[in-house]
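Just below is one structure, and these are the notes that go with it.
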């Protein structure tokens, strides 16, 4: 599964700070805006209702309970000021009307203060007809309007009141209040933007303070992973990041100490193997001479003694091979292994390796002529001998060696047609003392041959790999540069 891309820690911190700021600013500014808007409108509404009521009180007592058009016009004129319109209604009559309210652009048209009855809702008229003062806010052609409906009452001699049937509707523009609300909204947006910018600055400062120790920790961890065991982090302060840095330093110190101990133990073990191997060479030389004599006389000895003589000879040869392999491995470990480079014909080298060991008839070869390379013939011979010998011992015929080349590299493929290697075995084929089957006889090999083969390939700046062929069998591929260089100092 492909991991989904994720934001970095800096981006996440910036996003969290910005989101917190936006949410907080929106909540606070939104609440303040709503309260201020309602307060502005309520104050304008209360002032308008009080002004209309005060002006209408000057009309009492009414000159007539059944006014005509002229009286309705006077009542409407008494209810208005320079910022409002009014209409007086009595049953089916009303004072003169002018053009509709709220022309485009939100500006009042010049002329007498009049009101269009079409903008008065039936609900408002029903409430006013019942004897109560009421109001409503409407928007006409984009202009906000406050309409106030007031009934005129008649007071009887017994101080009781009754509805006269005269209704006065006053319209007042709310454009000044709307402008104030718009300015308030603009201030809210500016405040929110400033708060967001401030939050981003705070986030940058916070991420800088938090991420610097994290980056230092990541840098130190990479160096530690690359083998720089002396890497340490400067501990600043006493917070959680300082605790992490202190823990990292303690862990690195312990790791350095343990690795030093392991390296010393490994060096001691390698030195011990090298010393023992060299010390064994002298007695093994004598044993080999004796074993050769026993091997020659084995045929003339009685059967139990002859079989014992042959066994001693074979085990002496195996022990000699093991000691030689150990000495060779110790040279690689100590870094003293060197190349003796020569310009060689690779195909001829392969034929010589097979011919010396008597494998020419058992191995099929594909060796194009004219492929030359600057290599160490002895070490390439060791590699081929190990690969072909393993294929003949543990694989099934036919065993083949195939040579290919390009201008910079040569490749030698050694394969058999047996069952191949198990998947669990493949990663460990080149490990030292590793054997694919625990049931193999002890005398079949030391388990160092393939390890030595790979070390020789790497000494040439090449490599040795193994896979299972699609049609069966194990296939070892040796890749070497055509112009190998001595690790100690360039081409010889």
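Report whether or not residue 98 is under 60 Å from the mean Cα position of the chain (by Cα) and at pLDDT below 65.
Working: under 60 Å from the mean Cα position of the chain (by Cα): no; at pLDDT below 65: yes.
Spelling it out, it is not the case that residue 98 is under 60 Å from the mean Cα position of the chain (by Cα) and at pLDDT below 65.
Would you call residue 397 under 20 Å from residue 351 (Cα atoms) and at pLDDT below 90? Lay out the reasoning, then the answer.
On the way: under 20 Å from residue 351 (Cα atoms): yes; at pLDDT below 90: yes.
So residue 397 passes the test.
Six or more apart or on different chains, Cβ atoms under 8 Å: show the pairs whose first residue is in segment 409-429 and at positive phi and whose second is crowded, with 16+ Cβ neighbours inside 10 Å and not in a helix (DSSP H, G or I).
Close Cβ pairs satisfying both conditions: 420/468; 420/473; 420/474.
I want to confirm something. Restricting to segment 463-492 and keeping residues that are part of a strand (DSSP E or B) and farther than 24 Å from residue 347 by Cα, which single residue is modelled with the lowest pLDDT? Break it down stepwise before answering.
Narrowing segment 463-492 to residues part of a strand (DSSP E or B): 463-468, 474-481, 483, 486, 490.
Add one more test, that the residue is farther than 24 Å from residue 347 by Cα, and what stays is 468, 490.
Numbers: 468: 91, 490: 45.
The qualifying residue modelled with the lowest pLDDT is 490.
Only one residue in 285, 269, 253 is at pLDDT 80 or above and at negative phi. Which one?
Working: 285 fails: at pLDDT 80 or above; 269 fails: at pLDDT 80 or above.
Within the list 285, 269, 253, the selection yields 253.
Give me the residue from segment 101-123 that is at pLDDT 70 or above and closer than 14 Å to residue 140 by Cβ and, out of that set, surrounded by the most Cβ atoms within 10 Å (Cβ to Cβ). First the steps, then the outcome.
In the first step, residues of segment 101-123 are kept if they are at pLDDT 70 or above; the result is 119-123.
If we keep only those that are closer than 14 Å to residue 140 by Cβ too, we end up with 119-121.
Details: 119: 18, 120: 20, 121: 13.
Here the residue is 120.
Which condition number does residue 328 fail, the rest of (1) within 48 Å of the chain's Cα centre (by Cα); (2) in the same structural domain as residue 375 (by TED's automatic domain parsing) being met?
(2)
So in segment 430-462, with the set limited to residues that are at pLDDT below 75 and assigned to a helix (DSSP H, G or I), which one is surrounded by the fewest Cβ atoms within 10 Å (Cβ to Cβ)?
442
Listed residues 72, 62, 19; which is out of contact with any helix residue (DSSP H, G or I) (no Cβ under 6 Å at 6 or more places or on another chain), modelled with pLDDT of 75 or more and surrounded by 14 or more Cβ atoms within 10 Å (Cβ to Cβ)? So that I can check it myself, show each step before the final result.
Details: 62 fails: modelled with pLDDT of 75 or more; 19 fails: surrounded by 14 or more Cβ atoms within 10 Å (Cβ to Cβ).
Matching residue, one of 72, 62, 19: 72.
Do we find that residue 235 is more than 30 Å from residue 306 (Cβ to Cβ), part of a helix (DSSP H, G or I) and outside the structural domain of residue 27 (by TED's automatic domain parsing) in this structure?
Values: more than 30 Å from residue 306 (Cβ to Cβ): yes; part of a helix (DSSP H, G or I): no; outside the structural domain of residue 27 (by TED's automatic domain parsing): yes.
So residue 235 does not fit the description; no.
Of the residues 51, 77, 47, which is surrounded by fewer than 13 Cβ atoms within 10 Å (Cβ to Cβ), more than 60 Å from the chain's Cα centre (by Cα), outside any strand (DSSP E or B) and at pLDDT 75 or above? Talk me through it step by step, then tell me what you get.
Working: 51 fails: surrounded by fewer than 13 Cβ atoms within 10 Å (Cβ to Cβ); 77 fails: surrounded by fewer than 13 Cβ atoms within 10 Å (Cβ to Cβ).
The match here is 47.
State all residues of segment 290-317 that are surrounded by fewer than 11 Cβ atoms within 10 Å (Cβ to Cβ) and in a helix (DSSP H, G or I); if no residue qualifies, say none. Even if it seems obvious, please write down each step before you answer.
Here is the first cut: in segment 290-317, the ones surrounded by fewer than 11 Cβ atoms within 10 Å (Cβ to Cβ) are 299-300, 302-304.
If the condition is that a residue be surrounded by fewer than 11 Cβ atoms within 10 Å (Cβ to Cβ) and in a helix (DSSP H, G or I), then 299, 300, 303, 304 are the ones that fit.
The values are calculated or read from the model by the stated rules, or taken from the named source; none is laboratory data. Here the structure is a predicted model, which means the values were calculated and not measured. FYI the Cβ positions are ideal-geometry reconstructions off the backbone, even for glycines, and counts take in every protein chain you see.
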